[in-house]
Amino acid sequence: MVNLMPRLQFFKHRPLIGLILCLLLSAATAHAAQLTASVDRNELSLDEHILFTLELINSDTRLRAEGVNPNVDLSLLSANFSLSRPTADNRYNIYQGRGRSSSTITVTLFPRRTGRFTIPSFEVDGLHTKPITLQINPRSTNAPPEIFVRSGANKMSVWINE
């Protein structure tokens, strides 16, 4: 006669082993690299602008849209939008003995025409963002046209008629 008790004891503790494995896997994937794309709003009028942000966290790669060997191609947006110069921000934070890196590119988008547009998916190091759908409405007839000026001057006083 065969004694099955040792084998049954193994199966008795199997759910506990499965739970431990799940916790270990979730802890390992919590620090996996992530690439996200976002906008400050999804509906705007033709005389407004939106901020488009790409963020890569927990990766050794730094997002670059300009300069030598860029890894983000913002020209995909130029058919439907005029683009400002992108700004990049790279950070590495240490909290409770763990490091977290983040790399961000922000660009202002000015719509060229009305309609429904989709910002395509971007890809960096095998990671993909989700496409973003935007609704561009006609200009408001009541609002005066806006003027957008970006300047690098840092002045403390203003001259007459300036």
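The values are calculated or read from the model by the stated rules, or taken from the named source; none is laboratory data. This is a predicted model, so every value here is computed, not measured. Heads up, the Cβs are rebuilt from the backbone with ideal geometry, glycines too, and the neighbour counts pull from every protein chain shown. Note: accessible area is taken over every heavy atom of the protein model, side chains too, but ligands, DNA and RNA are not part of it. Shrake-Rupley method; radii C 1.70, N 1.55, O 1.52, S 1.80 Å.
Miscellaneous remarks
- Taken together, the residues in the range 133-143 that are open to solvent by 20 Å² or more (accessible area, probe 1.4 Å) and at pLDDT 90 or above amount to 4.
- Residue, surrounded by the most Cβ atoms within 10 Å (Cβ to Cβ), within the range 100-123, restricted to residues that are within 11 Å of the chain's Cα centre (by Cα) and among the β-branched types (V, I, T): I105
- Per the listing N42, N69, the residue uniquely exposed (fewer than 14 other Cβ atoms within 10 Å of the Cβ), in contact with a Ser or Thr (Cβ under 9 Å, 6 or more places away or on another chain) and over 22 Å from R100 (Cα atoms) is N42.
- Taking every residue in the range 71-84 that is under 15 Å from H49 (Cβ atoms) and pairing it with any residue that is among the basic types (K, R) and open to solvent by 40 Å² or more (accessible area, probe 1.4 Å), at least 6 positions away or on another chain, the pairs with Cβ-Cβ distances below 8 Å are N80/R112; N80/R113; F81/R112; S82/R112; S84/R150.
- Enumeration of residues in the range 52-70 that are touching a residue at least 40 places away in the same chain (Cβ under 8 Å) and hydrophobic (A, V, I, L, M, F, W, C): F52, L54, L56, I57, L63, A65
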